[in-house]
Amino acid sequence: MLAGLGAITKREGGGHVLLVTDPGIVRAGHVERATRSLEDVGLAVAVFGGVAENPTTQHVDAGVQAAQRHRADFLVGLGGGSAMDCAKGINFIVTNGGVMSDYWGVGKATNPMLPMIAVPTTAGTGSEAQSFALISDSATHQKMACGDVKAACRWAILDPDLTLTQPPQVAAASGIDAVAHAV
């Protein structure tokens, strides 16, 4: 459950946590609950709420700046697949440098990556259970699948209460996404 996020993060060695999410998740109140859980166990938390659907290199770059300002040593991706993918993209750049296109493909990260917890609010992408980030190049609009075993989340917190608050159109889209992935 989301209430356990802080305890798990602290146990996994987090100190300065960057919570990566989108404006809808902020409006739904989930970020406030997640932040409270993290702060209640003494962790420093910064929120990067600038993720949009189908994240681009601009979203990743803005998140990297937030992570660097906060001296993040731990990431939490809270939201749909876009938030989790953006968090993974941020992780690639913060820990390995360069630009997102440097990681297009498989196994291109040379350094260890920050520990990360995924907290999905939808069902369908499976981003919490795999090690790829799907990021679009802002200039060319090319979608880049950037994968590395080091990018896999250490934990996924599956809280059914989070999925109950999604708008009907998001529930429908994520349901179709789950069916498409299963097929």
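Filtered by the rule that a residue be of a type in the set (D, E, K, R) and in contact with a strand residue (DSSP E or B) (Cβ under 8 Å, 6 or more places away or on another chain), segment 77-114 gives Asp85, Lys88, Lys108.
Quick check on segment 126-158: of everything there that is in contact with a His (Cβ under 9 Å, 6 or more places away or on another chain) and of a type outside the set (Ser, Thr, Tyr), which residue is nearest to Ala3 (Cα to Cα)? Among those that are in contact with a His (Cβ under 9 Å, 6 or more places away or on another chain) and of a type outside the set (Ser, Thr, Tyr), it is Gly126.
If you check Val47 against the conditions, is it among the aliphatic types (A, V, I, L, M), in contact with a His (Cβ under 8 Å, 6 or more places away or on another chain) and without any contact (Cβ under 8 Å) to a residue 40 or more places away in the chain? No: the conditions fail for Val47. Residue selection: Phe74 fails the criterion of being over 27 Å from Ala173 (Cα atoms), without any contact (Cβ under 8 Å) to a residue 60 or more places away in the chain, crowded, with 22+ Cβ neighbours inside 10 Å and in contact with a strand residue (DSSP E or B) (Cβ under 7 Å, 6 or more places away or on another chain).
Quick grid of which residues meet (1) in a helix (DSSP H, G or I); (2) more than 24 Å from Gly24 (Cβ to Cβ):
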{"position": "Asn91", "(1), (2)": "yes, no"}
{"position": "Thr110", "(1), (2)": "no, yes"}
{"position": "Met113", "(1), (2)": "no, yes"}
{"position": "Thr122", "(1), (2)": "no, no"}
{"position": "Ile135", "(1), (2)": "no, no"}
{"position": "Ala145", "(1), (2)": "no, yes"}
{"position": "Leu158", "(1), (2)": "no, no"}
{"position": "Thr165", "(1), (2)": "no, no"}
{"position": "Ala173", "(1), (2)": "yes, no"}
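Quick one: count up the residues across segment 157-183 that are touching a strand residue (DSSP E or B) at 6+ places or on another chain (Cβ under 8 Å) and surrounded by 17 or more Cβ atoms within 10 Å (Cβ to Cβ). Result for segment 157-183: 3.
Restricting attention to segment 23-70, the residues that are of a type outside the set (A, V, I, L, M, F, W, C) and not in a helix (DSSP H, G or I) add up to 8.
Residues in segment 115-131 include at least one that is surrounded by fewer than 24 Cβ atoms within 10 Å (Cβ to Cβ), farther than 25 Å from His70 by Cβ and touching a strand residue (DSSP E or B) at 6+ places or on another chain (Cβ under 7 Å). Which of the numbered conditions does Asp22 fail, given that it passes all the others? Conditions: (1) out of contact with any Ser or Thr (no Cβ under 9 Å at 6 or more places or on another chain); (2) touching a residue at least 60 places away in the same chain (Cβ under 8 Å). For Asp22, the exception is condition (1).
So that you can scan it fast, the table gives a plain yes or no per residue for (1) surrounded by fewer than 17 Cβ atoms within 10 Å (Cβ to Cβ); (2) out of contact with any Leu (no Cβ under 8 Å at 6 or more places or on another chain); (3) not aliphatic (A, V, I, L, M):
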residue: Ala7; (1), (2), (3): yes, yes, no
residue: Gly15; (1), (2), (3): yes, no, yes
residue: Glu32; (1), (2), (3): yes, yes, yes
residue: Ser37; (1), (2), (3): no, no, yes
residue: Val47; (1), (2), (3): no, no, no
residue: Gly80; (1), (2), (3): no, yes, yes
residue: Asp85; (1), (2), (3): no, no, yes
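Of the residues making up segment 67-91, those that are farther than 20 Å from Leu5 by Cα and out of contact with any Gly (no Cβ under 8 Å at 6 or more places or on another chain) are Gln68, Arg69.
Where a number appears in this text, it was derived from the coordinates with a stated rule and is not lab data. All values reported here derive from a predicted model rather than from experimental measurement. Cβ: placed from backbone, ideal geometry, glycine included. Neighbour counts: every protein chain shown.
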